[in-house]
Amino acid sequence: METIRIKGGNHNFIVYERETAQDTAFHKDTPMEVRKILENARTTHLWDDYYHRPRLRLFFGDTKTGRDWHEEHEVVGTIGRSVGRIKIPLLIQTSRSHGGGAILDHCIVKIMQGHRVLYQHPKYNHGCFTIGPSDMEGYYHNVYIDGSLHARFKRPGQAERWIDFMTGKRMSR
């Protein structure tokens, strides 16, 4: 295992660890199980048709408490890897994408493939979702998480579909 220190824009250092066999660098705090899942998803069907790579749903959150951050954008895709001196995992949104964003691999609290949970933080908690009538004109429903307003929706059914996406019951909003 090789340790790599990179100076960030705020003069803090980010510490990565890279296994020389795979050459992918992960944040030093990324659990080994998460590393294996991401690397396996990246290398699965590596020489086959790109369209058959497994699509994952990543849930990000506080890894000390297991609390989900309720991220809804850039959380579904296939796993790729950057090029250059330090190769980090990327989330490739669609098969037509030519790249993707870096994954906060050390902040993953749950990974799903379809309806199957591949990894879940021991204390994973997505909170309690509730739906109520909207308090704003032009909106149909409000969604609350643990009693706090989190989202508003304009059409019937949108709130239910969004909750299903946020809890992993569906792969799209």
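Rounded to the nearest 10 degrees, what's the angle between the helix 158-167 long axis and the longest principal axis of the chain, both from Cα atoms, 0 to 90?
Orientation of helix 158-167: about 30 degrees from the principal axis.
Among Arg18, Arg173, which comes first, then next, by fewest other beta-carbon atoms within 10 Å?
On the way: Arg18 17, Arg173 12.
Taking fewest neighbouring Cβ atoms as first place, the list is Arg173, Arg18.
With +1 on the Cβ of every Lys and Arg and -1 on the Cβ of every Asp and Glu, and nothing else charged, how large is the dipole of region 54-139 about its Cα centre, in debye rounded to the nearest 20?
Details: 11 positive and 8 negative charges, 138 e Å.
That gives a dipole near 660 debye.
Non-local amide H neighbours of Ser82 (under 5 Å, H modeled in plane, Pro and chain starts lacking H): which ones?
Ile88, Leu90
For region 113-173, what does the alpha-carbon gyration tensor say about shape, rounded, prolate or oblate, given a ≥ b ≥ c as the root eigenvalues, a/c under 1.5 as rounded, and a/b over b/c as prolate?
The shape class here is oblate.
Restricting attention to region 24-103, which GluC sites (Glu not before Pro) occupy a DSSP loop and are surrounded by at most 11 other Cβ atoms within 10 Å? Before the final figure, lay out each step's value.
Values: sites: Glu33, Glu39, Glu71, Glu72, Glu74; in loops: Glu71, Glu72, Glu74.
Passing sites in region 24-103 do not exist.
Would you please give the residues with an amide H less than 5 Å from that of Thr24, counting only those at least 5 places away or on a separate chain, with H modeled from the backbone geometry?
The answer is Glu19.
Using the alpha-carbon atoms, what tilt in degrees (0 to 90, nearest 10) does helix 32-43 show relative to the longest principal axis of the chain?
Long axis of 32-43 versus the principal axis of the chain: about 80 degrees.
Using only the alpha carbons of the chain, determine the length spanned along each of the three principal axes and report them from longest to shortest in whole angstroms.
Taking the Cα atoms of the chain, the three principal extents are 55, 39, 30 Å.
Lysines within cross-link reach of Lys169: Cα-Cα under 25 Å, excluding same-chain residues under 8 positions apart?
Lys36, Lys64, Lys110, Lys123, Lys154
Residue by residue through region 58-75, what is 3J(HN,Hα) from phi via Karplus (6.51 cos²θ - 1.76 cosθ + 1.60, θ = phi - 60°)? Round to whole Hz and write x for glycine and proline.
Using θ = phi - 60°, the values come out as 9, 10, 9, x, 7, 7, 7, 9, x, 6, 5, 8, 6, 6, 10, 10, 6, 10 Hz.
Every read-out reported here was derived from the displayed coordinates using simple, explicitly stated rules and does not represent laboratory data. This structure is a prediction, so every number in the text was calculated from the model and none was measured. We place every Cβ from the backbone using ideal geometry, glycine too, and count neighbours over all the protein chains shown.
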